[in-house]
1. In region 63-78, is there at least one residue being outside any helix (DSSP H, G or I), touching a residue at least 12 places away in the same chain (Cβ under 8 Å) and either buried (at least 22 other Cβ atoms within 10 Å of the Cβ) or touching an Asp or Glu at 6+ places or on another chain (Cβ under 9 Å) (or both)?
2. Among the listed residues 158, 176, 186, which satisfies the condition of being closer than 22 Å to residue 91 by Cβ and among the hydrophobic types (A, V, I, L, M, F, W, C)?
3. How many residues are in a helix (DSSP H, G or I) and surrounded by fewer than 16 Cβ atoms within 10 Å (Cβ to Cβ) when one looks only at region 134-150?
4. Taking the condition of being polar (S, T, N, Q) and crowded, with 19+ Cβ neighbours inside 10 Å, how many residues in region 151-173 meet it?
5. So residue 183 ticks every box in (1) closer than 23 Å to residue 32 by Cβ; (2) touching a residue at least 12 places away in the same chain (Cβ under 8 Å) but one. Which box is left unticked?
6. Being modelled with pLDDT of 85 or more and of a type in the set (D, E, K, R) is the filter here, so list the residues in region 34-74 that pass it.
7. Would you confirm whether any residue within region 87-95 is at pLDDT 90 or above, under 23 Å from residue 51 (Cα atoms) and of a type in the set (Ser, Thr, Tyr)?
Amino acid sequence: MRKLSQVIVQSGVWIYREIIAVALLSVVSSLVLLPFVFFLPVGVALVFIALVYVPLCTGALDACHRMLKGERGLLGAMFRGAVRHYGASVVFALVCALFVVILASSWWYYGNRSGTFYFALAVFQTYFVAMFFVSQTYTLPLVVQERIGIFAAMGKSVKLFASHPGYTFGAFLQIVCLALLLGLTVVGFAGLFVGMVGIYANLITANLLTKKEEASEPESGRANADGFRAV
């Protein structure tokens, strides 16, 4: 298994070499999202994100997975992947939304009460929700790469997190930092985020799924152990 720093470098190389594909996937998915988010009421927009945008992002993840294996036809792959994994992605989006509601309601309920005890409860709930999201870093990539059900993928993601906590924290932090940096400009987020995360999430997950090679095996024999073509 490669170190996270090596996977980050590998992801950067892929993103640089496939920047047109990265931008294409990101822009197409954002064109579907942005008009509805800006013009719909907040509640309806959130439902739209769960029912349409998250499946499209999963489709982009599927397209990136195929691109890393040397396949083409990205837009077609994205839409086919969105349809193929629609149920899994919607369920995952709704579960994530539930945890966001738990977090918001906790701060609303405990925040209106004075005292250190209530503040500590709110902080604990925040920690609990944060750990949930960190533990689900690999869920959608597992659905895409291993073609397993959403609940099996969520359980396996938790196991991977428990086995590699430092790696997972670092990988999740990279995604959050990328979202924050690109989010400083709407154009940057809309034009790059989905494609960049599609490549990165596939690589960090495939890295964990790769079996360790024999110590005596030459370095060249391990170069493509994750099953993706070299760049």
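1. Here is the first cut: in region 63-78, the ones outside any helix (DSSP H, G or I) are 69-73.
Narrowing further to those that are touching a residue at least 12 places away in the same chain (Cβ under 8 Å): 69-70.
If we keep only those that are either buried (at least 22 other Cβ atoms within 10 Å of the Cβ) or touching an Asp or Glu at 6+ places or on another chain (Cβ under 9 Å) (or both) too, we end up with none.
There is no residue in region 63-78 that is outside any helix (DSSP H, G or I), touching a residue at least 12 places away in the same chain (Cβ under 8 Å) and either buried (at least 22 other Cβ atoms within 10 Å of the Cβ) or touching an Asp or Glu at 6+ places or on another chain (Cβ under 9 Å) (or both).
2. Details: 176 fails: closer than 22 Å to residue 91 by Cβ; 186 fails: closer than 22 Å to residue 91 by Cβ.
Being closer than 22 Å to residue 91 by Cβ and among the hydrophobic types (A, V, I, L, M, F, W, C) holds for just one of 158, 176, 186, which is 158.
3. Initially, region 134-150 is screened for residues in a helix (DSSP H, G or I), giving 134-135, 139-146, 150.
Add one more test, that the residue is surrounded by fewer than 16 Cβ atoms within 10 Å (Cβ to Cβ), and what stays is 146.
Residues meeting the conditions: 1.
4. First, the residues of region 151-173 that are polar (S, T, N, Q): 157, 163, 168.
Within this subset, residues satisfying the condition of being crowded, with 19+ Cβ neighbours inside 10 Å are 157, 168.
Count: 2.
5. Here residue 183 clears every test but (2).
6. Hits for region 34-74 are 62, 66, 69.
7. Of all residues in region 87-95, those at pLDDT 90 or above come to 87-95.
Those still in the list that are under 23 Å from residue 51 (Cα atoms) too: 87-95.
Pick out the ones that are also of a type in the set (Ser, Thr, Tyr) and you get 89.
So far as region 87-95 goes, yes, one or more of its residues are at pLDDT 90 or above, under 23 Å from residue 51 (Cα atoms) and of a type in the set (Ser, Thr, Tyr).
Conditions tested, residue by residue: (1) touching a helix residue (DSSP H, G or I) at 6+ places or on another chain (Cβ under 7 Å); (2) at pLDDT below 90; (3) of a type in the set (A, V, I, L, M, F, W, C); (4) under 30 Å from residue 228 (Cβ atoms).
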site	(1), (2), (3), (4)
116	no, yes, no, no
158	yes, no, yes, yes
161	yes, no, yes, yes
169	yes, no, yes, yes
174	yes, no, no, yes
194	yes, no, yes, yes
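The values are calculated or read from the model by the stated rules, or taken from the named source; none is laboratory data. Quantities reported herein were computed from a predicted structural model and do not represent experimental measurements. Every residue, glycine as well, gets a Cβ built from its backbone with ideal geometry; the counts of neighbours run over all protein chains shown.
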